[in-house]
Amino acid sequence: MPVPVRTAIALCVAALGCGGGGGGTTGPAPIETITVSLAQGSITVGSLTAATAIARDANGNVLSGRPLSWSSNNAAVATVGATGVVTGNAAGTAAITATGEGKSGTVTVTVILPPVATVAVSLPSSTLAIGATMQALAEPADANGVVLHGRQISWSSSNTAVATVNNTGTSNATVTGVSSGTASIIATSEGQSGSATVTVAPPVASVAVSLASSTIGVGKTTQATATTKDAAGNVLAGRSVSWSSDNTAVATVTSGGVVTGVAVGSANIIATSEGQTGSAAVTVAAPLGLGSSSEKIKIVDIGGVFTPTLSGPSSGTTTFVSRAPTVATVNAQGTITGVGEGQVWITATAPGWAPDSVYVIVPRTTTGPVLRTDLTTYNVTAGSTLVFNVILDTRSTPIGGTEFSLGYSTSPNVFTTGNYTATGNPAPVVSNPQFGVLRVSLASGSPLSGELSMLRLSFTVTTAKTSGFLTLTLIDLVGPTGIDLLPVATSTRIPIIIQ
């Protein structure tokens, strides 16, 4: 080759080696590879793990600050957020990919179901008749107590001679009573077990029904009780019983066996258990009618007599009973005699009539004032407001201006806090020095006698189907000069029966 040509080629190569015009390579190196890793390669459904991506150039240098996008090829199994946080959604595997500048890196996450930590077994009843069946339910749960559905469950019985259980592999299984005794019904899932105990007994062969009272009034209640027995007459406890009435126009019955009188007549109260039934007759009768409205709560002095009005049957067919003869007695004609200080129920019964009662208060002495109320009935309805006047009965001791302290309370606590207002003429001045005690001052220019209506109290009845007493206590009683008129505190208890 001629020398001038070789020289030209050399100059050209030299020029190319100098960058073709004097400029070098500029800008950051591009991403060549992306490596993705997981904080945890296997996670449970509902839990999280962090994915980390590292970008490198062609020389293996780490490139920081490069924007990357994240994706999952199976979002039903796992999803990934913009910062690489992976969430497990369902059991399976998913590829988590980071992409940047046309390059990608991938890692596989495995999502598994949370393991069973506990197994709870429940039975609809703790007792089962021989030959009868019932469904057992198993609920496996994770360590946080979350119920896990769809898990494989194996069933077994600790005593197949007493009870068997079919191994369905699911959360429900059928338990069958075989013979008398007890057995544990066991459910196992992923190595964890739970159990419930069943007692197998003979089937119900008979049902006997009894009533606390076979005769009740309209609106009154009585308790029905069912006794289940096997063929040998042995009592079977814990058996399920359903209740019904064959005449709901006369009497109804709740699922707990509470019978309520609706109208005068008769009805059969029926109990059914395992296909067997028993019944008892209840008569809803008109009230016997012992005591008029003004006689239901009555003050009778020691040695005094009182014969309450009897509006139903004749006294000859009626039986009278005093529940506390040391307070008051009652003869066969219904005449009540005060015996000693206290309070007492006087009851009357007669065939075909609903029992009835009056309440008698016997004061300490036949002289001196006593507290009472103008209540004419002790039967009240839950949710109602009970309003009554407190009466200071001077009896045979007229008083002038007076001052006394009145205490009031209920036992048990079946009322809300009472409200009070002053009543009467002249109206007293009433103050409330402390809860449950009222101070009453009454000014008068002349002696006062008779029944002095001093206060009106009102209570809201709160608790149904219970009874108690309202207690009024005359704590002290002084005259205008400060002389005690009643040196010893006395109390009057008023019965309250809440329907």
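The values are calculated or read from the model by the stated rules, or taken from the named source; none is laboratory data. Only a predicted model underlies this, so the values are computations on that prediction, with no experimental measurement involved. Neighbour counts are summed over all protein chains in view; Cβ atoms, including those assigned to glycine, are modelled from backbone coordinates with ideal geometry. Heavy atoms of the whole protein, side chains included, go into the accessibility calculation; ligands, DNA and RNA do not. Shrake-Rupley method; radii C 1.70, N 1.55, O 1.52, S 1.80 Å.
For the chain, a/c is not less than 1.5, where a ≥ b ≥ c are the root eigenvalues of the C-alpha gyration tensor, and a/b does not top b/c. That puts it in the oblate class. Accessible surface of the chain, 1.4 Å probe: 55 percent of it comes from carbon and sulfur atoms.
Using just its DSSP H runs of length 4 or more, each adding -39500 (n - 2.57), the chain gives a mean residue ellipticity at 222 nm of -1000 deg cm²/dmol after division by all residues. Evaluating 6.51 cos²θ - 1.76 cosθ + 1.60 at θ = phi - 60° for every residue in the stretch 80-89, the Karplus couplings come out as 9, x, 5, 9, x, 7, 9, 10, x, 10 Hz, glycine and proline recorded as x.
Evaluating 6.51 cos²θ - 1.76 cosθ + 1.60 at θ = phi - 60° for every residue in the stretch 154-162, the Karplus couplings come out as 10, 10, 7, 10, 6, 8, 5, 6, 9 Hz, glycine and proline recorded as x.
Residues in the stretch 187-195 carry Karplus couplings, in order, of 10, 10, 9, 6, x, 9, 10, x, 8 Hz; the curve used is 6.51 cos²θ - 1.76 cosθ + 1.60 with θ = phi - 60°, and Gly or Pro positions show x. Counting only lysines at least 8 places from Lys220 when in the same chain, those with an alpha carbon closer than 26 Å to its own are Lys296, Lys298, Lys465. Residues in the chain average 48 Å² of solvent-accessible surface per residue, probe 1.4 Å, ligands and nucleic acids excluded.
Normalised by the number of residues in the stretch 286-336, the mean separation of alpha-carbon contacts (under 8 Å, six or more apart) gives a relative contact order of 35 percent. The amide H of Ser206, built 1.01 Å from its N in the peptide plane, has Lys229 as neighbours under 5 Å, considering only residues 5 or more places off or on other chains.
Per residue, the average separation of C-alpha pairs within less than 8 Å and at least 6 apart gives the chain a relative contact order of 7 percent.
For the chain, the share of DSSP beta bridges that are antiparallel, to the nearest 5, is 90%. Our note on the geometry: Cα centres of the stretch 210-265 and the stretch 76-137, 51 Å apart.
Taking the longest Cα principal axis of the chain as reference, the axis of helix 3-17 is set at about 10 degrees. Of the peptides 235-243, 366-374, 62-70, 137-145, the order by per-residue mean of other Cβ atoms within 10 Å, starting with the highest, comes out as 366-374, 137-145, 235-243, 62-70.
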